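Novice: One structure coming up, written as structure tokens, with questions to follow.
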Amino acid sequence: MTQELNTPQITFIGFGEAGMAFASGWRDAAIAAEVSAYDIKSGNPDTAALMERRYAEHSVAGYASVDSALNDAQAVFSVVTADQAFVAAQTSAEFLGEGALWFDCNSCAPQSKVRAAQLIESVGGRYVDVAVMAPVHPKRHEVPLLIAGPHVDAANEVLEGLGMKPRVAGNTVGQASSVKMLRSVMIKGLEALTAECFLAARRAGVEDQVIGSLEASDPDIRWRDRATYNLERMMVHGTRRAAEMREVALTVDGLGLPNGLSAATAVWQDHIASLDLDPGTAELMARLDRVLDASKK
């Protein structure tokens, strides 16, 4: 396989929010690429039609089997949920072409990425540890990326050719994911903390006093706005965030430290997501009441 990707043949494994954001960004920026995708939902009669529409809307050739999608692929973006990242690598490995770059963009613990890298490298692929360092909207394909592993030079060239914004974290798989995982202790942990704090305060009828006290103690944080935004993130993306936080817990445990906060954050993320609520109005008390009402059922 040629190492130069003038008009790269790209395959997405998983075609959800991240895949759609990257593909639409390339399309709108008129970046030349032949893009295909495989998503497990394509093989489900209940969701196949949805995936067909999604592929068509983003000018992507969608396939119902991973082997067809990976045919001649030179660069593969694995964008599934954290708990399915290794499964995606297992499913794809036997169909991966020699020298194909495997961009593992999933939010996984460093040890999980090392395990996937060993599998991909064993079949002749080139594994790249990728950490997506911000929400994919509104920047789409220009979202900041950290990349790590022995193939970062080739990876950097391909990503920049696609108009993406990579930054090299190091030459060892796990260096990029470590940054993402440990950052999430704070970002997703703060989401869970604000949820527990403000939901309990609302139920106790002391929400205004709690907000006033927080603003007096730390006026640099706009606590009402922050909690409103955090609840929206958990309502919309809680399931994926919970899966990520379980990987964060593995990361912290692997460093020989207590991981109780990360594990508890996953519980809160799962709980808010399980309520299956539309965030609705961007007003804190309305969102808190929606969560509290649903939690009673």
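This table checks each residue for (1) loosely packed, with under 14 Cβ neighbours inside 10 Å; (2) closer than 28 Å to Asp253 by Cβ; (3) out of contact with any Pro (no Cβ under 8 Å at 6 or more places or on another chain); (4) assigned by TED's automatic domain parsing to the domain that holds Ala263.
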site	(1), (2), (3), (4)
Ala192	no, yes, yes, yes
Ala201	no, no, yes, yes
Glu215	no, no, yes, yes
Asp220	yes, no, yes, yes
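Novice: How many residues, within the range 27-53, are closer than 25 Å to Ala93 by Cα, of a type in the set (D, E, K, R) and touching a helix residue (DSSP H, G or I) at 6+ places or on another chain (Cβ under 9 Å)?
Specialist: Qualifying residue count for the region: 3.
Novice: Among the candidates Ala30, Ala69, single out the residue that is aliphatic (A, V, I, L, M) and without any contact (Cβ under 8 Å) to a residue 40 or more places away in the chain.
Specialist: After ruling out the rest, the residue left standing is Ala30.
Novice: Moving to a separate point now. From the residues in the range 165-174 that are free of Cβ contacts under 8 Å to residues at least 60 places away in the same chain and assigned to a loop (DSSP other than H, G, I, E, B), which one is surrounded by the most Cβ atoms within 10 Å (Cβ to Cβ)?
Specialist: Selected residue: Thr172.
Novice: Just give me the residues in the range 8-50 being of a type in the set (D, E, K, R) and touching a Phe, Trp or Tyr at 6+ places or on another chain (Cβ under 6 Å), in sequence order.
Specialist: Asp39
Novice: In the set Phe86, Phe77, which member is aromatic (Phe, Trp, Tyr), within 19 Å of the chain's Cα centre (by Cα) and assigned to a strand (DSSP E or B)?
Specialist: That would be Phe77, the only listed residue that is aromatic (Phe, Trp, Tyr), within 19 Å of the chain's Cα centre (by Cα) and assigned to a strand (DSSP E or B).
Novice: Moving on to the next point. Find all pairs meeting these conditions: Cβ atoms under 7 angstrom apart; at least six residues apart or on different chains; first residue within the range 76-104 and in contact (Cβ under 8 Å) with a residue 24 or more places away in the chain; second residue of a type in the set (Lys, Arg) and assigned to a helix (DSSP H, G or I).
Specialist: Hits for this filter: Thr81/Arg240; Phe86/Arg115; Asp104/Lys113.
Novice: Taking the stated definitions as given, is Glu244 under 17 Å from Asp83 (Cα atoms), acidic (Asp, Glu) and out of contact with any Cys (no Cβ under 6 Å at 6 or more places or on another chain)?
Specialist: When the stated conditions are applied, Glu244 passes them.
Novice: With in the same structural domain as Val143 (by TED's automatic domain parsing) and either surrounded by 15 or more Cβ atoms within 10 Å (Cβ to Cβ) or modelled with pLDDT of 95 or more (or both) as the only criterion, which of Gly19, Gly43 stands out?
Specialist: Matching residue, one of Gly19, Gly43: Gly19.
Novice: Find the helices (runs of 4 or more DSSP H) located wholly in the range 175-274 whose residues include 2 or more that are in contact (Cβ under 8 Å) with a residue 40 or more places away in the chain and of a type in the set (Lys, Arg), and list them.
Specialist: Because the criterion is at least 2 residues that are in contact (Cβ under 8 Å) with a residue 40 or more places away in the chain and of a type in the set (Lys, Arg), the helices (runs of 4 or more DSSP H) in the range 175-274 that meet it are 175-204, 223-254.
Novice: Out of all the residues in the range 89-104, which are aliphatic (A, V, I, L, M) and assigned to a strand (DSSP E or B)?
Specialist: Listed by number, the list holds a single entry, Leu101.
Novice: Phe77: closer than 30 Å to Ser184 by Cα, among the aromatic types (Phe, Trp, Tyr) and either touching a strand residue (DSSP E or B) at 6+ places or on another chain (Cβ under 8 Å) or buried (at least 16 other Cβ atoms within 10 Å of the Cβ) (or both), yes or no?
Specialist: Yes, satisfied.
The rows are residues; the columns are (1) under 21 Å from the mean Cα position of the chain (by Cα); (2) surrounded by fewer than 21 Cβ atoms within 10 Å (Cβ to Cβ); (3) assigned by TED's automatic domain parsing to the domain that holds Leu261; (4) not hydrophobic (A, V, I, L, M, F, W, C).
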{"position": "Ala148", "(1), (2), (3), (4)": "yes, no, no, no"}
{"position": "Val152", "(1), (2), (3), (4)": "yes, no, no, no"}
{"position": "Val158", "(1), (2), (3), (4)": "yes, no, no, no"}
{"position": "Gly161", "(1), (2), (3), (4)": "no, yes, no, yes"}
{"position": "Met181", "(1), (2), (3), (4)": "yes, no, yes, no"}
{"position": "Met186", "(1), (2), (3), (4)": "yes, yes, yes, no"}
{"position": "Gly205", "(1), (2), (3), (4)": "no, yes, yes, yes"}
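The values are calculated or read from the model by the stated rules, or taken from the named source; none is laboratory data. What you see is a predicted model, and the numbers here were worked out from it, not measured in a lab. Methodologically, a virtual Cβ is constructed for each residue, glycine included, from the backbone with ideal geometry; neighbour enumeration extends over all protein chains shown.
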